[in-house]
Amino acid sequence: MTLRLTIPEAPSDADREAVVAPLRAYNISRAGDPHIRPVAILLTSEDGNQVGGLWGRCAYDWLFVELLAVPEEHRGGGHGRALMQQAEAIARSNGCFGIWLDTYEFQARGFYEKLGFEIFGTLEDHPVGHRHFFLRKHLAQA
């Protein structure tokens with residue numbers, strides 16, 4: 001079979017799945033089922049509007065926090081801490097060994113470090129003139 005490169009003008013979910021499927025199969029053959037579980041913890045206003053929150057997934061015994069957003073007008077009110085505490089409780093209940101995430105230097109590095117996270121990697125000039133940090137927190141096992 002001859003393969004060629006194609007570049008879709010507007011990549012679709014099907015295009016992503018074409019890449020993910022063989023990678024997923026390979027990973028499972030080497031490391032077993034990742035037991036992927038999506039995690040969503042939403043901030044909801046009094047009128048029922050979802051205005052922020054946390055989005056991530058448990059996989060291979062770690063919780064990856066992909067997104068965390070607290071609207072600017074609500075920062076400093078403990079919402080970020082509450083989201084992360086709830087995420088940690090979810091991680092523990094799923095038997096995770098730890099939590100990992102990434103943040104830019106102009107975002108929330110100090111916030112995560114106050115919660116016990118440590119840097120395990122830094123990407124310089126992403127975006128140019130800034131650093132992108134990768135942090136983790138090991139969870140004590142009971």
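Within segment 21-32, is even one residue of a type outside the set (S, T, N, Q) and closer than 30 Å to residue 128 by Cβ?
yes
Just name the residue that is nearest to residue 70 (Cα to Cα) out of those in segment 112-121 that are open to solvent by 70 Å² or more (accessible area, probe 1.4 Å) and not acidic (Asp, Glu). Lay out the reasoning, then the answer.
Going residue by residue through segment 112-121, those that are open to solvent by 70 Å² or more (accessible area, probe 1.4 Å) are 113-114, 118, 120.
Applying the additional criterion that residues be not acidic (Asp, Glu) yields 114, 120.
On the way: 114: 17, 120: 24 Å.
So, considering only residues that are open to solvent by 70 Å² or more (accessible area, probe 1.4 Å) and not acidic (Asp, Glu), the one nearest to residue 70 (Cα to Cα) is 114.
Within segment 30-53, is even one residue part of a helix (DSSP H, G or I), touching a residue at least 12 places away in the same chain (Cβ under 8 Å) and surrounded by 13 or more Cβ atoms within 10 Å (Cβ to Cβ)?
Here is the first cut: in segment 30-53, the residues part of a helix (DSSP H, G or I) are 30-31.
Still in the list and also touching a residue at least 12 places away in the same chain (Cβ under 8 Å): 31.
From what's left, surrounded by 13 or more Cβ atoms within 10 Å (Cβ to Cβ): none.
Within segment 30-53, none of the residues are part of a helix (DSSP H, G or I), touching a residue at least 12 places away in the same chain (Cβ under 8 Å) and surrounded by 13 or more Cβ atoms within 10 Å (Cβ to Cβ).
Only one residue in 128, 65, 70, 19 is aliphatic (A, V, I, L, M), surrounded by 12 or more Cβ atoms within 10 Å (Cβ to Cβ), over 26 Å from residue 140 (Cβ atoms) and at pLDDT 95 or above, so which one is that?
Going through 128, 65, 70, 19 in turn, the sole match is 70.
For segment 98-142, which strands (runs of 3 or more DSSP E) that fit wholly inside it have 2 or more residues that are out of contact with any Pro (no Cβ under 8 Å at 6 or more places or on another chain) and free of Cβ contacts under 8 Å to residues at least 24 places away in the same chain?
Hits in segment 98-142: 118-124.
Go through (1) without any contact (Cβ under 8 Å) to a residue 24 or more places away in the chain; (2) surrounded by 14 or more Cβ atoms within 10 Å (Cβ to Cβ); (3) part of a helix (DSSP H, G or I) one by one and return the number of the condition residue 87 breaks.
So the condition that residue 87 fails would be (1).
The values are calculated or read from the model by the stated rules, or taken from the named source; none is laboratory data. Model, not experiment: these values are computed from the prediction. Please note: Cβ atoms are built from the backbone with ideal geometry, for glycine as well, and neighbour counts cover all protein chains shown. Just the protein is used for accessible areas: all its heavy atoms, side chains included, with ligands, DNA and RNA removed. Shrake-Rupley method; radii C 1.70, N 1.55, O 1.52, S 1.80 Å.
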